[in-house]
1. Within region A:225-240, take every residue that is open to solvent by less than 40 Å² (accessible area, probe 1.4 Å) and assigned to a helix (DSSP H, G or I) and give me the one that is nearest to A:D256 (Cα to Cα).
2. Looking only at region A:118-162, which residues are among the β-branched types (V, I, T), within 13 Å of another protein chain (Cβ to nearest Cβ) and under 25 Å from B:K176 (Cβ atoms)?
3. Scan region B:107-121 and tell me whether some residue there is touching a Phe, Trp or Tyr at 6+ places or on another chain (Cβ under 6 Å) and either under 21 Å from B:A44 (Cβ atoms) or at pLDDT below 75 (or both).
4. If you check B:I156 against the conditions, is it within 18 Å of the chain's Cα centre (by Cα) and in the same structural domain as B:L215 (by TED's automatic domain parsing)?
5. So for region A:78-100 (the condition being open to solvent by 30 Å² or more (accessible area, probe 1.4 Å), over 18 Å from B:G182 (Cα atoms) and part of a helix (DSSP H, G or I)), does at least one residue qualify?
6. Where the second residue is of a type in the set (D, E) and at pLDDT below 70 and the first is open to solvent by 40 Å² or more (accessible area, probe 1.4 Å) and lies in region C:142-157, which pairs have Cβ atoms under 9 Å and are six or more apart or on separate chains?
7. Please go through region A:109-131 and pick out each residue that is out of contact with any Cys (no Cβ under 9 Å at 6 or more places or on another chain) and closer than 30 Å to A:I34 by Cα.
8. Do we find that A:D199 is of a type in the set (D, E, K, R), under 24 Å from A:I246 (Cβ atoms) and open to solvent by 20 Å² or more (accessible area, probe 1.4 Å) in this structure?
Amino acid sequence: MQLEIKHATVRYSNSDKILDNIDLNITEGQFLGITGKAGCGKTTLLETIAGFHKPESGFVLLDGQNIYEKRFVSQSFRKRLQIVFQFPENQFFESDIWNEIGFGLKNISSSPEEKERKTIEAMLAVGLDINEMKNVSPFALSGGQKRRLALACAIVVSPEILLLDEPFSGLDGDGQNQIISILKDLHRNGTTILMVSHDPNVLSEVADKIVVLDAGKIQFNDIPSRVFADKYLCDKLGIGQPETKITADLIGLDLDEDLTYSNFIKKLEKKYLAAHD
Amino acid sequence: MIDLTYQTGDSILHRMNPTHKFLGLLICTIIILVSKNLAGTIIAAVLITTLILLSKLPIKKVFAPLKSLFFFLIMIFLMNALFFNNGDCLYSYHSICISYKGIEQGYNIVLHTIAITILSSIFIRTTTSIEIMRGIENTLRPLRIFHIPTKDISLIMSIALQFIPVFFNDIDRIRKAQIARGANFNKGSIITRIQSIFPLVIPAFISAFRRADELSTAIEARGFQSDYESFK
Amino acid sequence: MFEMPYTKKTVITAACIALCAVLPMAFHAFPNAGDIWLPMHIPVLLCGLICGPKFGVLCGIMGPFLSSILTQMPPAANLPSMILELSCYGFVSGFVITRIKTGKQITDILISLVCAMIAGRIVYGIANAAIFNIGRFTLNGWLVSSFVTSLPGIVFQMILIPLIITALQRALIIPDKY
């Protein structure tokens, strides 16, 4: 699987360039974070990759093929790449969860048994209890459950590539953790993930690489520890730094290019033990 | 606030007080509706030409809405000219009856429709939506004598205006989300397209009502007092 | 009917009016959407059902008016008969649902919808025949445009509207009737 964006410039009618000559190569199985201050073009980038904005110049290529070649993006593309928009619970319309998830399967030619299996798998993957939840209306769910349901709707078709726009908006700590764990599972199973987020903590926790956008241009495309290395630069780009990095810098702790919490705790323990020997 | 039809400009009509403008629109409409035949055509022509000149609007824009009415107008004229039957036919064949009365009536209907469409086109293009709302609100104010809650009505209209761009964006977002899930709005059989309406319309209503719910709580918390209840 | 504070009904009516303007734009992708699917009828009927007859009438008047001002659809010439028809929908749907109590919400809704649709079309027919288009308006023409061309829209509304109301209740935005 090869996903490339080549020299893509995207502009809404009569406005400035939202994306300016973007070049991006996404490798299979990668977890790519996309961040930047408000208005820099993160959502537009995601939507362009997902087939919603034909670039005024440049290409979006999946396995070498231009996804915008024909007038409408192909259905086979949609099977391989799924996108979850911000506040995805706005898309619900079915009278029960089972059918809501099943909506995405309508265009997949498979047997009813296959569809049932996939729906059950999706519900399990996001932690929605099949027996309790099958006939519940999507509108009756809590905020966190709705978000997980929306995720299930996207992963039910087993996409190779999953795009997410601010998947944690409006969720409490628990809700956020649930989503993170689902995404980590998907990543472990080989799904390529592109996630827009403004939260440096989550990004440094899950992303292999982070792309930083500023005024439609890519400023950074690197591993989290290098992206968040310079406080001054992070402030200028409006992206902040993860707490692990800030704290580590404050107490003089070397995180060895790994900004995750677990590594931070490990290094902290080592330093504490070394100091008390 | 979207103003799909407002054309920025600096004419007398643009600067005119919206209440007067709205009342003027109503008066002109009535004048047009009572004028018929040749005299009517002259009155309408004079009125419209004056207004177009006063508004300094490009003529093409003013006449634009007539394009979509073209077929409709031809149909109406023919239906009257050919089928109006009150006994006085110049020429008749089965149910076809060509009469002076019929032609006259067809002509007048077409005349009125064209004139009113142009009038409203001029009005809309020289008045922003906020001004329209204010104009209507002031025009309705006298109805308070009949205990009609005009303040509530104008609040409803301003809220509706503010909601429009919000709902438009919501629906766009929903449309994209459903397309991503495989919905077909642009191609496929009629059946698939019909099935695709529900995933668009239902969420659109839910999100609209949710916003309405949140806004109503907010304005109540800020001390909203309804007109209606003050009449009781 | 649905017990809700006056403020909430006010804002919901405003939302329905806004939807009268926005929905037809969304339906542009479908050919002949306006006459067949009747997108502007839906918010008015919903407003009448949920908020009652007074608000329903307001929605029926302001909805097409606002839509005509902002999007020129319906064209100004059709406006009077459309306003008459839609305000009738708003009024009758609200009027019937407040008075009918079959015990099952769906039956109440469907009966109110049918009454509203018939009443509205009768008023539309009379208005056009008597006031707006004297002489050219025939019984056949009325029957065809009111019931035949718009049949998909009628069926669509009868299915869609109860679905929307149920979803709104599940989302706890409007209260249950019983």
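1. A:S225
2. Result: A:I155, A:V156, A:V157, A:I161.
3. yes
4. It is true that B:I156 is within 18 Å of the chain's Cα centre (by Cα) and in the same structural domain as B:L215 (by TED's automatic domain parsing).
5. So far as region A:78-100 goes, no, none of its residues is open to solvent by 30 Å² or more (accessible area, probe 1.4 Å), over 18 Å from B:G182 (Cα atoms) and part of a helix (DSSP H, G or I).
6. Final answer for the pair search is C:S145/C:D35; C:T149/C:D35.
7. First, pick out the residues of region A:109-131 that are out of contact with any Cys (no Cβ under 9 Å at 6 or more places or on another chain): A:109-121, A:123-131.
Once the filter is applied, which keeps residues that are out of contact with any Cys (no Cβ under 9 Å at 6 or more places or on another chain) and closer than 30 Å to A:I34 by Cα, region A:109-131 yields A:K118, A:T119, A:E121, A:M123, A:L124, A:A125, A:V126, A:G127, A:L128.
8. It is true that A:D199 is of a type in the set (D, E, K, R), under 24 Å from A:I246 (Cβ atoms) and open to solvent by 20 Å² or more (accessible area, probe 1.4 Å).
The values are calculated or read from the model by the stated rules, or taken from the named source; none is laboratory data. Keep in mind that what you see is a predicted model, and the values were worked out from it rather than measured. As a convention, Cβ positions derive from the backbone with ideal geometry for all residues, glycine included, and neighbour counts pool all protein chains shown. Heads up: the accessible areas ignore ligands, DNA and RNA and are worked out on the full protein's heavy atoms, side chains in. Shrake-Rupley method; radii C 1.70, N 1.55, O 1.52, S 1.80 Å.
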